[in-house]
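*Asks:* Below are the structure tokens for one structure; questions will follow.
The values are calculated or read from the model by the stated rules, or taken from the named source; none is laboratory data. Here the structure is a predicted model, which is why all the values come from computation and not from measurement. Methodologically, a virtual Cβ is constructed for each residue, glycine included, from the backbone with ideal geometry; neighbour enumeration extends over all protein chains shown. To get the accessible areas, we keep the full protein, side chains included, count just its heavy atoms, and leave off ligands, DNA and RNA. Shrake-Rupley method; radii C 1.70, N 1.55, O 1.52, S 1.80 Å.
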Amino acid sequence: GGQNMVSCLPAMGYSERMQRMAEKRAALLTFLASGEVYTCVEVVAELLQVSRPVAFQTCQSLVELCALKSEAHWVNGRKRIIYGITAHGAALSGADGGRAVFDLGRTNSAWISHRIETQLMRLRAQRSGWTEWLPERALLGAGMRKVPDALATAPDGRRVAIEIERHAKTSKRYAEIIHAYLLEIKAGRIDCVEYVTP
């Protein structure tokens, strides 16, 4: 018969675990302070490349430090907990004071699925070489005729407005949007628009 081989990997020491925990917390706070403002455990797990229980523990530890707040919403027939950055969390991230912070009771449940899909797309795009990602919240007040769901630089250097389209709009609305984007392209603010649909 065969003998069971047990791999004896060295256990991570206390200081190494604390360093890793600090890095995870910093990565999450930086992500939220970039204009994302709030997220969920699913996105945190993807961002940090950890299991959902570890992502949940990371969020909870930041709530205890008053760096995040949490609240429950009914989204698509199920209860979902979202975690948002506080002013203290933004300060810990090193973000400037002008960034948006999470206000309890001010989040529209109808927009949560869209925000989460956009965040997951951001993480996949960044792993594929996309850079300089700015979410919609960070673009408000930037003087754009049409604020996209995100603005990012493609691996080939193009500045791309990104639209996550979960539901079709009227042809009249698309005509208005395309006109606004053509003006943004003509002004040199973007090179193109990419639509992502389910």
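*Asks:* Need one value: the accessible area of TYR195 in square angstrom, 1.4 angstrom probe, rounded to the nearest 10.
*Replies:* Approximately 90 Å² of TYR195 is accessible to the 1.4 Å probe.
*Asks:* Just to confirm the number: angle between the C-alpha axis of helix 14-31 and the first principal axis of the chain, 0 to 90 degrees, nearest 10?
*Replies:* 10 degrees
*Asks:* Something else now. Give the peptides 146-152, 111-117 in descending order of average Cβ contacts within 10 Å, highest first.
*Replies:* So the order, starting with the most tightly packed, is 146-152, 111-117.
*Asks:* Can you work out the FRET efficiency for the pair LEU65 and ALA175, with r the C-beta to C-beta distance and R0 = 45 Å, to the nearest 0.05?
*Replies:* Details: r = 48 Å, r/R0 = 1.07.
For LEU65 and ALA175, the calculated efficiency is 0.40.
*Asks:* Please work out how much length the chain gains when fully extended from ARG17 to GLN126, using 0.36 nm per residue of separation minus the C-alpha to C-alpha distance, in nm with one decimal.
*Replies:* Numbers: separation 109, 0.36 × 109 = 39.24 nm, distance 2.62 nm.
Gain on stretching ARG17 to GLN126: 36.6 nm.
*Asks:* Within the set LYS79/LYS169; LYS146/LYS186; LYS24/LYS69, which residue pairs have Cα atoms separated by over 20 Å? Can you show the working numbers first?
*Replies:* On the way: LYS79/LYS169 28 Å; LYS146/LYS186 13 Å; LYS24/LYS69 17 Å.
The answer is LYS79/LYS169.
*Asks:* As an exercise, use a Förster radius of 41 Å and the Cβ-Cβ distance of GLN57 and ASP191 to find the FRET efficiency, rounded to the nearest 0.05.
*Replies:* 0.50
*Asks:* Determine the principal axes of the Cα atoms in the chain, then give the extent along each, sorted from largest to smallest and rounded to whole angstroms.
*Replies:* Between the extreme Cα coordinates on each principal axis of the chain lie 68, 45, 36 Å.
*Asks:* Lys/Arg Cβ at +1, Asp/Glu Cβ at -1, dipole of the chain taken about the Cα centre: which of VAL37, SER171, LEU104 is farthest positive-ward?
*Replies:* SER171
*Asks:* Applying the Karplus parametrisation 6.51 cos²θ - 1.76 cosθ + 1.60 with θ = phi - 60° to the phi angles of segment 173-188, what ³J(HN,Hα) value in whole Hz is obtained for each residue in order, glycine and proline being reported as x?
*Replies:* 5, 4, 4, 5, 5, 5, 4, 4, 5, 4, 5, 5, 5, 4, 6, x
*Asks:* Next question. Give the relative contact order (percent, whole number) for the chain; include only Cα pairs under 8 Å separated by 6+ residues.
*Replies:* Value for the chain: 16 percent.
*Asks:* Give me the percent of DSSP beta bridges within the chain that run antiparallel, rounded to the nearest 5.
*Replies:* Counting DSSP beta bridges with both partners in the chain, the antiparallel share is about 75 percent.
*Asks:* Using only helices, what value at 222 nm comes out for the chain when you add -39,500 (n - 2.57) per DSSP H run of length 4 or more and divide by the total residues, to the nearest 500 deg cm²/dmol?
*Replies:* Using -39500 (n - 2.57) per qualifying helix, the result is -13500 deg cm²/dmol.
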